[in-house]
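The values are calculated or read from the model by the stated rules, or taken from the named source; none is laboratory data. Since we're looking at a predicted model, the values are computed, not measured. Heads up, the Cβs are rebuilt from the backbone with ideal geometry, glycines too, and the neighbour counts pull from every protein chain shown.
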Amino acid sequence: MTAAAFPGEVRDAAAAHALGPDYVRAVGKVVVSHVRNELAGAAAFDEPAIALAPGPKEKWLACRIAMEEYGHHLKFQRLASDLGLGEASHDRALSVFDYQLTSWAEFVVLKALVDLAEVVLMEELLATSYLPLRHLVVRLLPEEHFHVSFGKAHTRELVTDPAALPLVQRAVDDLVHVTVPFFGRSVSVNNDAFRRWGVKQRTNDEARAEWAGRCRQFVEGDLGLRFPDVDRHWNG
Amino acid sequence: MAWPLTVVDQDGRRVTFAEALGPGGARVQELLDALVRGAAEAGVDVDSLALMTPAGTVDLPLARVSLGEGVEAAGQVDGTWLAEVDRRRNGCRQALAAAARDEQMEAALHVAMLLATERLDPHDDADVDAHVASGARLWLVAGAVVSALSGADPDPFLAWGRLVAAGWWPVGPSDGRMVLSACGPVA
Ligand SMILES: [Fe+2]
Ligand SMILES: [Fe+2]
């Protein structure tokens, strides 16, 4: 099966296994990438953010968000173990999580831009052939949207202070740069399999371009800052 | 998640969650039991517990307010008081790390957050105030778990842990009052 798109819906893990190891591998790769990213999001960024928050309200919002990310991690992990995939979180996370968080500005820009990448990836999964995954993202997307709107609102608040502009601009430049690989390589055997099996519909470049477009709109339109050039192609 | 939890230990024996956590585990289990009972819990002396803050007992008039007023008051919470709560919270974590009990701490927080994140879930996914209240209560639950496990005596988070479990959000000293918000029953 190469040319035709996989048309079906796959109701559960047993049905996935009945389709064969190729299907399980394709769904598994997507699920495991979220298992890692959600945990890295909770541990590497959000817990330090509780300490970086400028006031009690921000501290408690950051705490709620950290717990939600942890909850997302556990829910993706449950999907992975239903598929018979082992402990997935100990593998290395994507490059974006090597980024060291040192200021509140970086945290809120991160929620606005990097969580938007998570939203773009999850929105595509609303049509995924693997129904347990589809149902999970339906439940998680409202929380992920909240993270993005939290990030945007607090970034907008920061840029009302001209003194904060260089810091916000630098956070935008750095975070955009490290988020580009998040969508995968332009030439990707994995992505070919995802589309063949209806796990995803778009190429990695199409998803990357959509994310960059939505980010640009926020950074240039709302914040009045410069958005760095993003090449839709990326091959590592 | 099923509660109370039974855990299989290294030797394959079934033990309670409290036993698996080791010293302080019984206190953690009590806190989580109370959280699961939720607002149904009777005999909680709200007025006196509210004054026994994690940074010490305060002598302030108690103001019971709505969730919206609680969030407003949260913006003016006494910064020195908040820093002291943070200091004690971190102190308990450090004590556990120094005793090489990181694994037990992580297990306790993991289960506590599994139980609490759902129970203290903001009903409206876009309501910022509800997220502030939920986050504050999760922050207190995490503090109470770590404090209980560390064996701190007296336990600075005991009183407010009970209040959160019983459905309250103790906000903190704000504008000369001790502010307590009734954020509705724990779902
Ligand atoms: Fe998430
Ligand atoms: Fe998120």
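Computed quantities for the displayed model
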quantity	calculated
Cross-chain or 6+ apart pairs with Cβ under 6 Å, the stretch B:110-126 first and more than 8 Å from chain A (Cβ to nearest Cβ) and in contact (Cβ under 8 Å) with a residue 24 or more places away in the chain, then of a type in the set (D, E, K, R) and buried (at least 19 other Cβ atoms within 10 Å of the Cβ)	B:LEU120/B:ARG137
For A:PRO132: the one exception among (1) modelled with pLDDT of 95 or more; (2) away from ligand 1 (no atom under 16 Å from the Cβ); (3) more than 27 Å from A:GLY20 (Cα to Cα)	(3)
Pair list, Cβ < 9 Å and 6+ apart or interchain, from the stretch A:211-236 residues that are among the hydrophobic types (A, V, I, L, M, F, W, C) to residues that are loosely packed, with under 12 Cβ neighbours inside 10 Å and in a helix (DSSP H, G or I)	A:PHE227/A:GLN217
Any chance A:PHE150 is within 16 Å of ligand 2 (Cβ to nearest atom), within 28 Å of B:ALA126 (Cβ to Cβ) and either buried (at least 17 other Cβ atoms within 10 Å of the Cβ) or away from chain B (no Cβ under 14 Å) (or both)	yes
Flag for A:TRP211 being surrounded by fewer than 19 Cβ atoms within 10 Å (Cβ to Cβ) and more than 21 Å from A:ARG25 (Cβ to Cβ)	no
Helices (runs of 4 or more DSSP H) fully within the stretch A:11-82 counting 1 or more residues that are under 20 Å from the mean Cα position of the chain (by Cα) and within 16 Å of ligand 2 (Cβ to nearest atom)	A:21-40, A:47-52, A:56-82
Lone unmet requirement of (1) aliphatic (A, V, I, L, M); (2) crowded, with 24+ Cβ neighbours inside 10 Å; (3) within 12 Å of the chain's Cα centre (by Cα); (4) more than 10 Å from chain A (Cβ to nearest Cβ) for B:VAL141	(4)
Selection status of B:ASP78, modelled with pLDDT under 90, surrounded by fewer than 21 Cβ atoms within 10 Å (Cβ to Cβ) and either more than 24 Å from A:GLU68 (Cβ to Cβ) or of a type in the set (Asp, Glu) (or both)	no
Contacts under 9 angstrom Cβ, first residue in the stretch A:58-69 being at the interface with chain B (Cβ under 8 Å from one of its Cβ atoms), partner away from ligand 1 (no atom under 12 Å from the Cβ) and among the hydroxyl-bearing types (Ser, Thr, Tyr), 6 or more apart	A:TRP60/B:SER134; A:CYS63/B:SER134; A:ARG64/B:THR117; A:ARG64/B:SER134; A:MET67/B:THR117; A:MET67/B:SER134; A:GLU68/B:THR117
Sole residue being under 19 Å from the mean Cα position of the chain (by Cα), within 18 Å of B:LEU158 (Cα to Cα) and within 14 Å of chain A (Cβ to nearest Cβ), chosen from B:ALA34, B:ALA55	B:ALA55
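Conditions (1) out of contact with any Pro (no Cβ under 6 Å at 6 or more places or on another chain); (2) within 25 Å of B:SER150 (Cα to Cα); (3) among the hydrophobic types (A, V, I, L, M, F, W, C), marked per residue:
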site: B:GLU30; (1), (2), (3): yes, yes, no
site: B:LEU49; (1), (2), (3): yes, yes, yes
site: B:GLU69; (1), (2), (3): yes, no, no
site: B:ALA73; (1), (2), (3): yes, no, yes
site: B:GLU84; (1), (2), (3): yes, yes, no
site: B:ARG89; (1), (2), (3): yes, yes, no
